[in-house]
Structure formats: structure tokens, C-alpha cells
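What follows is a short report on a single structure.
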Amino acid sequence: MQSHPDKPRTYKTEGVVIRHSSSGEDDRVLAIYTIDYGTIHVVGRSLRRAKSKLAGHLEPLSHVAIQLIRGKGIDIVTGADTLHGHTSLRNSLEGIARGLVCVEMVEAFAPEEHPNPELYQLLLDTLEQLNGGEADRLLWYFAFHVLRVTGYMPELQQCVVCSNAIQPDEHMFSPGLGGVVCTDCARDGDPAGPHERAGAPLLSLSLNSLKVMRFFRDNSYDAVRGLNVGSELAGELQRVLGGYIHYLLEREVRSSTFLAGLSRGP
Ligand SMILES: [Zn+2]
């Protein structure tokens, strides 16, 4: 990470470890999503040595308090304490896979070195719930709310072409324009119309899918958990939301691999 002008020579923060990669003989470069600086890349000295005291605190998906010292080009971790190890999550391959979907989505949607306390809290809450045994439904809830707190929440109340209020009906969804297209605008489907110019084909969106998306938007996970979503509806939501996120990743935010982890629908 480039040295941040506002940082003192030594500083503390807390974050969730996204990943580490080896660097030199014994060192690791860590990507950490922090409350104060967003995603940072820092180096952990000698982490690959068996006796390293730091290493145990810096496992991916761990919530940690860290002390750092500014280095030339990249800052160095000098101390770390585990705040929450999320050990149940990290003890199963499925758990690890779900946790990685979350941290990678955060990394993809959060510009480096830009703190977003709401996104940070959403990530912590979600890892905590995954650690408690929640599964795929939570991942979709999380994905939807990452869109909300990063400014990409899809428009679900008014048509993104004509701005008329959306009536209870079958509609289309435009990934390019980021929201629902009313039946009139979809029918008028001028091939050179704005949703086509936005570069992504319209996706069909049933009234039930629209209702579920609004429900996800307006409710806590506790309410969403009890929602009955049949497999056909889950498939449609997966196509629409997955298509939208895919579009954003290609056009607006950095590409990432987490999308495959959202393949099962809410
Ligand atoms: Zn319209």
C-alpha cells in the first residue's frame, strides 16, 4: 500500500483478513479490510516461520486488531490480536468458501483506502452469523446490502427509463440502468433505447421477484430468514441479481471470483 498521508508513523486499526500471499522467504503480504482505511495491503514479517506469534492471529476471515508501522511503499504489521477468530466458519470448507465470498465481494466493491463503516459493520455481522451456521440465504442478503451501502442499490420503485411509479405487474430489469423497467418502456423496446445503449440486455422480472427484492431491501436478516422462496423464484432472483452484480463487476468495479460462490440462489 502506498503510504497514506494522514497516517502517523505507527498506527492501530482493526479489520478482517481477506487473504495472504507469500512474499520473500518468510514474509506474507496481507490484504485486510479495515474500519479506518478500507482495504489495505500490508506485510507480515516472518509469518511463515513455525514460531511466528503473529501468524495465528492473521488467518483469513479473522477479525483482528492490528498495530502497524509505516514502511517504504508498504506498511508492516508489528502486532495483532484476534477479536473474533470465526473458528466454526474456518473449520469447514463450505464455511471458508462462504466467508471468502463475503470478503472478496467487499474487496471488489470497496475502493482501496476508502473507509466505509457501514460496509465494515455489515461484513462483521455477516461473518458472525455465518460462523453461527447461517448459509446461502445470508450470502444473498449480504450481497444485496453490499450494493446498498456502496451506492449500487437497484431502483425498485420507479421505472429507470420513464420514472413512472412501478405498478404491480410483470416487469423487466435493466442491469445497465440499475433497476426496474416498466411494461410500457419494455414493450416500446426501441433497440436504440437507453436500456440497450447501457449495454446489457433486459432481464425478465416477475412481480414475486420484485416483491422479494423489496423485502430483502426493507427488512433485517431475521425477517428474511423466514421467507419462503421456492426454487423457481430463487433461480430468477439469482439470474437478475447475479446478472446485475456481474454487470457491475465488468463495467464499474474490479473483477472478482466471488460470483461463483453465489450460484445457488437465495
Ligand atoms: Zn417506464
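With respect to the conditions (1) farther than 26 Å from E118 by Cβ; (2) at pLDDT below 85, D27 lacks only one, and its number is (2). Does the stretch 148-157 contain at least one residue that is surrounded by fewer than 14 Cβ atoms within 10 Å (Cβ to Cβ), within 16 Å of the ligand (Cβ to nearest atom) and under 27 Å from L249 (Cα atoms)? The answer is yes; a qualifying residue exists. Within the stretch 126-140, work out how many residues are touching a residue at least 40 places away in the same chain (Cβ under 8 Å), surrounded by 15 or more Cβ atoms within 10 Å (Cβ to Cβ) and assigned to a helix (DSSP H, G or I). Of the residues in that region, 9 qualify. Across the stretch 158-189, the number of residues qualifying as within 12 Å of the ligand (Cβ to nearest atom) and either assigned to a loop (DSSP other than H, G, I, E, B) or among the hydroxyl-bearing types (S, T, Y) (or both) comes to 15.
Among the residues making up the stretch 32-61, those that are hydrophobic (A, V, I, L, M, F, W, C) and assigned to a strand (DSSP E or B) are I32, I40, V42, V43.
When V101, V64, V106, V146 are screened for being in contact with a helix residue (DSSP H, G or I) (Cβ under 7 Å, 6 or more places away or on another chain) and part of a strand (DSSP E or B), only V64 passes. Taking every residue in the stretch 144-159 that is closer than 19 Å to N208 by Cβ and pairing it with any residue that is within 16 Å of the ligand (Cβ to nearest atom) and in a loop (DSSP other than H, G, I, E, B), at least 6 positions away or on another chain, the pairs with Cβ-Cβ distances below 7 Å are P154/G178; E155/G178; Q157/I166; C159/I166; C159/C182.
Evaluated against (1) away from the ligand (no atom under 16 Å from the Cβ); (2) crowded, with 19+ Cβ neighbours inside 10 Å, E113 falls short on exactly one condition, (2).
If you go through the stretch 138-156 and keep only what is touching a Lys or Arg at 6+ places or on another chain (Cβ under 8 Å) and farther than 14 Å from F216 by Cβ, you end up with nothing.
For the criterion of being buried (at least 18 other Cβ atoms within 10 Å of the Cβ), closer than 22 Å to N131 by Cα and not polar (S, T, N, Q), Y33 passes.
Conditions (1) surrounded by fewer than 16 Cβ atoms within 10 Å (Cβ to Cβ); (2) under 12 Å from F173 (Cβ atoms); (3) without any contact (Cβ under 8 Å) to a residue 60 or more places away in the chain, marked per residue:
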{"position": "S209", "(1), (2), (3)": "no, yes, yes"}
{"position": "G230", "(1), (2), (3)": "yes, no, yes"}
{"position": "E236", "(1), (2), (3)": "no, yes, yes"}
{"position": "Y244", "(1), (2), (3)": "no, yes, no"}
{"position": "Y247", "(1), (2), (3)": "no, yes, no"}
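The values are calculated or read from the model by the stated rules, or taken from the named source; none is laboratory data. On a predicted model such as this, the values are computed, not experimentally measured, just so you know. We place every Cβ from the backbone using ideal geometry, glycine too, and count neighbours over all the protein chains shown.
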